[in-house]
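To start, the structure itself, in structure tokens.
The values are calculated or read from the model by the stated rules, or taken from the named source; none is laboratory data. None of the values given here were measured: they were computed from a predicted structure. Here the Cβ is made from the backbone with ideal geometry for all residues, glycine too, and neighbour counts use every protein chain on show.
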Amino acid sequence: MSDNTAPLRARHSSEERLAEHLRDFVERAATGTRLPTVRELMKRHAASPVTVQRAVNQLVREGRLITRPGDGTFVQAIPRAPKPFDASWQSVALGSPLSNDSAFESFFRIPASDTLVLGSGYPDVSLQPLSLLAKAAQRASRKASTWARLPVEGLDELRHWFAREIGSFVHIDQVLLVPGGQAALSTLFRALVPFGGPLIVESPTYFGALAIARAFGLRLVPVPHDEHGIRPDLLGAALSSTGARVVYLQPAFSNPSGLSLSSERRREVLKLVEGANAFLIEDDYARDLALETAAPPPLYRDSSGHVIYVRSLTKSTAPGVRVGAIVAMGAVMNRLKTARAVDDWFLSGLLQETALELVSSPSFRGYVRQLVGTLRERRDVAVAALGRHFPEARLSRIPSAGFSLWLELPSGTDEAAFVDAALRAKVQVNPGAPWFAAEPIGPHLRISTAGAPADVLEEGIRRLGATFRETRTPRTSRSKR
């Protein structure tokens, strides 16, 4: 990415190294031991006073050190783990879980620092506009309005930006700001589908949407796709047989498959949804991440109130920029506003003002172009690495947007066991099963190019190929060598 992030990354790494040294010191020292002075730490670790102070502050926040003004900084007693207690009564109180699919848990865990991350859906630190974000946050924090109570709908200026970005057919009154795309889907599913009600989804589809639906006790109705997108004949049958009034879809560059609805399919899908008096939730997560040609126009443009559109800044900026928008027209917008207000009254002013300062920066467009260029390079590196190191995995298609590579593993592969073996080889990758609303159609993997630089992708895929061949080789054959 651009050179303006290099000083920030270097500073962060030096702080982290010093903080780790201090953790080692705390582990060995007795409670109450005084920490060496800032001057001594500067000399010992060849660090600046700012770096030392930030590393010390980090351990204070972790509860490992305590600072006494005028006296010094001392090792703090680490709180003991809570005593074991009998929690068996909670099983009775909680009842059966809404979903027994423990595979979802792996998506929410942050991998260990020595693991090659090939499954993250967020841009890694080398892709993030850290310098632009730091300046944007600084400007935002100086505004009095940042700390005030804001309208449920969000800041007008930021709503105007989303409306302009989506198209001239969107009015500011149709825009509701939310804390990211995941929160948008959560609001929509809860507001539009009754508990236990049917929700039609493409299969496979975004695992995060499936996780929300299962958590809310919704009945998922999967509809397969072909090379042109979701199949209209099966979508029509699902609408009529289930009485579903909500369809969740990623019409452009679906995650994980990378498919986009063809022009003819777009018309057919809209006609079916309108004929059923249903809503279509259009998750347009990758519009900013088109690697080849521009994304097709949103379905929202051609719909009279049946399409509800979702877009987020997070995928094209940084995980912490949890700002997105729901775009809808008609009475449904009032229901969505109420749902958002009940959750948290309004979106954080600091987040909104920072996002506004970021997207208003003259450098933001250039940053996005660089981001797309880097993602294109990573995709090409990963595709080539798969051919060299992991030919057993079949790439469904080379994606023309986004960051997902959807791989089909040979029939008979134990997908879960392979993902576990990969993790032991220090490679984190997404299993395919959680992307299906029903039984998977064979073993799959999803690799993401967002969270891993090119060299990490190359090495990670090499390890995946070696691990696959190792796990597929019978133990008796290995022992005879």
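Just one of ASP101, ASP114 is within 31 Å of the chain's Cα centre (by Cα), modelled with pLDDT of 80 or more and within 30 Å of PHE436 (Cα to Cα); which is it?
On the way: ASP101 fails: modelled with pLDDT of 80 or more.
The unique qualifying residue is ASP114.
Check ALA384 against each of (1) assigned to a helix (DSSP H, G or I); (2) crowded, with 17+ Cβ neighbours inside 10 Å and name the one condition it does not meet.
(2)
Residues of segment 17-67 being closer than 20 Å to ALA134 by Cα and in contact (Cβ under 8 Å) with a residue 12 or more places away in the chain, which ones? Write out each step before concluding.
Filtering segment 17-67 for residues closer than 20 Å to ALA134 by Cα gives 50-51, 53-55, 57-58.
Matches in segment 17-67: THR51, GLN53, ARG54, ALA55, GLN58.
Within segment 144-167, can you find the residues that are small (Gly, Ala, Ser), crowded, with 17+ Cβ neighbours inside 10 Å and closer than 17 Å to ASP288 by Cα? Walk me through it before giving the result.
Initially, segment 144-167 is screened for residues small (Gly, Ala, Ser), giving 144-145, 148, 154, 163, 167.
Going one step further and asking which of them are crowded, with 17+ Cβ neighbours inside 10 Å, we end up with 154, 163.
Correct list: ALA163 only.
Among ALA452, ALA421, ALA417, ALA466, which is more than 30 Å from LEU199 (Cα to Cα), aliphatic (A, V, I, L, M) and surrounded by 22 or more Cβ atoms within 10 Å (Cβ to Cβ)?
Numbers: ALA421 fails: surrounded by 22 or more Cβ atoms within 10 Å (Cβ to Cβ); ALA417 fails: surrounded by 22 or more Cβ atoms within 10 Å (Cβ to Cβ); ALA466 fails: surrounded by 22 or more Cβ atoms within 10 Å (Cβ to Cβ).
Result: ALA452 is the single residue among ALA452, ALA421, ALA417, ALA466 that is more than 30 Å from LEU199 (Cα to Cα), aliphatic (A, V, I, L, M) and surrounded by 22 or more Cβ atoms within 10 Å (Cβ to Cβ).
From the list LEU234, LEU259, LEU291, which one is on the phi < 0 side of the Ramachandran plot and either surrounded by fewer than 20 Cβ atoms within 10 Å (Cβ to Cβ) or aromatic (Phe, Trp, Tyr) (or both)? Can you show your working first?
On the way: LEU259 fails: either surrounded by fewer than 20 Cβ atoms within 10 Å (Cβ to Cβ) or aromatic (Phe, Trp, Tyr) (or both); LEU291 fails: either surrounded by fewer than 20 Cβ atoms within 10 Å (Cβ to Cβ) or aromatic (Phe, Trp, Tyr) (or both).
Within the list LEU234, LEU259, LEU291, the selection yields LEU234.
Does segment 329-345 contain at least one residue that is in the same structural domain as SER254 (by TED's automatic domain parsing), closer than 21 Å to ALA136 by Cα and surrounded by 16 or more Cβ atoms within 10 Å (Cβ to Cβ)?
First, pick out the residues of segment 329-345 that are in the same structural domain as SER254 (by TED's automatic domain parsing): 329-345.
Restricting the remaining residues to those that are closer than 21 Å to ALA136 by Cα gives none.
Within segment 329-345, none of the residues are in the same structural domain as SER254 (by TED's automatic domain parsing), closer than 21 Å to ALA136 by Cα and surrounded by 16 or more Cβ atoms within 10 Å (Cβ to Cβ).
Residue by residue, here is whether (1) part of a loop (DSSP other than H, G, I, E, B); (2) polar (S, T, N, Q); (3) modelled with pLDDT under 85 holds:
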site	(1), (2), (3)
PRO7	no, no, yes
ARG23	no, no, no
VAL52	no, no, no
ASN57	no, yes, no
THR73	no, yes, no
